[in-house]
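Report on the structure given below.
The values are calculated or read from the model by the stated rules, or taken from the named source; none is laboratory data. Bear in mind the structure is a predicted one, so any value in this text is a computation, not a measurement. Reconstructed Cβ throughout: ideal geometry from the backbone, glycine too, with neighbour counts over all protein chains shown.
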Amino acid sequence: MDFVEGEILAFDKPYGWTSFDVVGKVRWMLCRKLGVKRLKVGHTGTLDPLATGVVVVCTGKKTKLIDELQLHTKEYVATLQLGATTPSFDLEKPVDATYPTDHITLSLIDEVIPRFRGEIWQTPPAFSAVKVDGKRAYAYARKGEDVELKPKLLVIDEIEILDYNNQAKQLTLRIVCSKGTYIRALARDIGAALHSGAHLIALRRTRLGDICVDDCLDFQKFTALLDTMETTQTSESMQIK
């Protein structure tokens, strides 16, 4: 493998890591292995810290493909807790409001979910990386400042009910969607459509383009892969200009 000419690597992101944590870890491991001080490394789409699953990392000259790869369709498995909301729409923040759920049945869910298939308008979460006046929206949100975010037109190619636990009021969905879709915001909107509330309690990105999570590396496997490589180029010849 030639990480300077460029490689595309797929990782199963651990829970609690940011996508930048993955990039930083890969860069550190490669620079140490190759004996270089600098190496271009980037990812093809942010995945929230509380989510797991596919994060694609490009190295060297393959970083030029990042914009193209970001356009690929993504697939997620998401679990929603109905009847409660949080400011971040997930477990990053504690519950701030609760709502009735006795009226929610699988029949009602079956009626509501198809409304989110196809083109939809979605307002991003305040706790997101969307830029407002040059700053990330989450920078305002974490200071308790209100920020106005504009809705975006997105495409939900597929949305499928995988499971509904009526006793716990937990709904699990498979979602195939376009770039820029916030599954946390989708949870918020589904809760509202059910005349209740909802927030995300689990999220796993299972596919990005043709790359499935079952094909991804973890860092134990990546370490083993690097251990089998022989560094045949000198540090000087591998420096990034």
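Structure summary
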| item | result |
| --- | --- |
| Of all residues in the range 184-207 being assigned to a strand (DSSP E or B) and touching an Asp or Glu at 6+ places or on another chain (Cβ under 8 Å), the one that is farthest from LEU153 (Cα to Cα) | ILE201 |
| Out of LYS37, LYS62, sole residue that is among the basic types (Lys, Arg) and surrounded by 16 or more Cβ atoms within 10 Å (Cβ to Cβ) | LYS62 |
| So LEU217, is it surrounded by fewer than 18 Cβ atoms within 10 Å (Cβ to Cβ), outside the structural domain of LEU91 (by TED's automatic domain parsing) and out of contact with any Lys or Arg (no Cβ under 9 Å at 6 or more places or on another chain) | yes |
| Filtered residues of the range 1-39 (kept if at pLDDT 95 or above, in contact with a helix residue (DSSP H, G or I) (Cβ under 9 Å, 6 or more places away or on another chain) and charged (D, E, K, R)) | ASP12, LYS13, LYS25 |
| Any hit, the range 10-32, residues being more than 21 Å from ARG205 (Cα to Cα) and among the β-branched types (Val, Ile, Thr) | no |
